[in-house]
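The values are calculated or read from the model by the stated rules, or taken from the named source; none is laboratory data. Since we're looking at a predicted model, the values are computed, not measured. Here the Cβ is made from the backbone with ideal geometry for all residues, glycine too, and neighbour counts use every protein chain on show.
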Amino acid sequence: MKIGFIGLGHMGNPMARNLLKHGHALKIYDVIPDLVKKLAAEGGEVATSAADCAKGVEVVITMLPSSPHVRSAYLGDYGVLKGASPGTPLIDSSTIDPLTAREVAMDAKAKGCAMVDAPVSGGVAGAEAGTLTFMVGGEARDFEAAKAVLLAMGKNIVHCGGIGNGQVAKICNNMMLAIEMIATSEGMTLAAKLGMDPKVFAAIVNTSSGRCWSSDTYNPYPGVLESAPASRSYAGGFGSDLMLKDLTLATDAAKNAKQPVMLGALAQQIYQKHSVDGNGAKDFSSVIMQYMKT
């Protein structure tokens, strides 16, 4: 297929490269020219705008930082909907709020273009390996049409229901993960403060009712798991600022829905303080630093 790909940052670049590896032809665009050059050298056709990137292609994929970027890329004067022909499928893999996903999809539908939201889980490593999980919101027929393309970039392609539900799955899952990570950090640091060997305590937790992914696979206490970011000064992984972004999306969505998320709101504030303290680029498990200062 000939695919228009917009957004060539940390995630978009390896995703686009996997499409090239699978034999697809790419038309590429990013507001940062240097990001475009990297893929142009590998065979990508350079577009002059998002609208130009959407012309003459069989599907458009976007991977952008936030809701305003998505609105601009699709609805702006030089946006995707200005260039796409009616009938062109649109896939947005950005992580944004569900309301924006649904509103942009409505405008796309008015243009005659079916759209799905397909945020991802798996991070840069998953993007490079082509093992991402895509959480897809949209009509069943549109999901099936998008699935073949998404399989070139991911391993698990899950239909979450109607448009916007991919975003719902992403932000609610990450809100739960943040809460679990904070709870694990509190328990680990308290046990250590009370004289318990962190490794021994972690082993007990992981065969007991406190067990979760944050304790047995991604433990935040330094030295407990060699494979975890905590054992490499919290380098790499999923950044604290990215977790803060997803928590903010979740709490904002909760306000719009008038749904209480009391622990989610507290988690958002904890990560906001963690970011303000200068730890935004560190892996999100570094939130344990909020408890290890005293």
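In the stretch 263-274, the residues that are modelled with pLDDT under 95 and of a type in the set (S, T, N, Q) never reach a residue that is outside any helix (DSSP H, G or I) and surrounded by 20 or more Cβ atoms within 10 Å (Cβ to Cβ) with C-beta atoms less than 8 angstrom apart, at least six apart or across chains.
Of the residues Gly87, Gly122, Gly154, which is in contact with a Ser or Thr (Cβ under 7 Å, 6 or more places away or on another chain), at positive phi and either at pLDDT 95 or above or in the same structural domain as Leu26 (by TED's automatic domain parsing) (or both)?
Criteria check complete, one pass: Gly122.
For the stretch 186-199, filtered to residues that are of a type in the set (A, V, I, L, M) and either under 31 Å from the mean Cα position of the chain (by Cα) or in a helix (DSSP H, G or I) (or both), the residue that is surrounded by the fewest Cβ atoms within 10 Å (Cβ to Cβ) is Leu190. For the stretch 92-185, the strands (runs of 3 or more DSSP E) that sit wholly inside it and include 1 or more residues that are touching a Phe, Trp or Tyr at 6+ places or on another chain (Cβ under 9 Å) and more than 26 Å from Lys82 (Cβ to Cβ) are 154-161.
Take Gly23 and decide whether it is closer than 14 Å to Ala73 by Cβ and either in a strand (DSSP E or B) or not β-branched (Val, Ile, Thr) (or both). When the stated conditions are applied, Gly23 does not pass them.
May I ask you to verify whether Leu99 is of a type outside the set (Lys, Arg), touching a strand residue (DSSP E or B) at 6+ places or on another chain (Cβ under 7 Å) and in contact (Cβ under 8 Å) with a residue 60 or more places away in the chain? No.
Scanning the stretch 252-277 for residues being surrounded by fewer than 20 Cβ atoms within 10 Å (Cβ to Cβ), within 20 Å of Ile96 (Cβ to Cβ) and not small (Gly, Ala, Ser) gives a total of 6.
Residues in the stretch 160-176 that are free of Cβ contacts under 8 Å to residues at least 60 places away in the same chain and either surrounded by 23 or more Cβ atoms within 10 Å (Cβ to Cβ) or hydrophobic (A, V, I, L, M, F, W, C) (or both): Cys160, Ala169, Met176.
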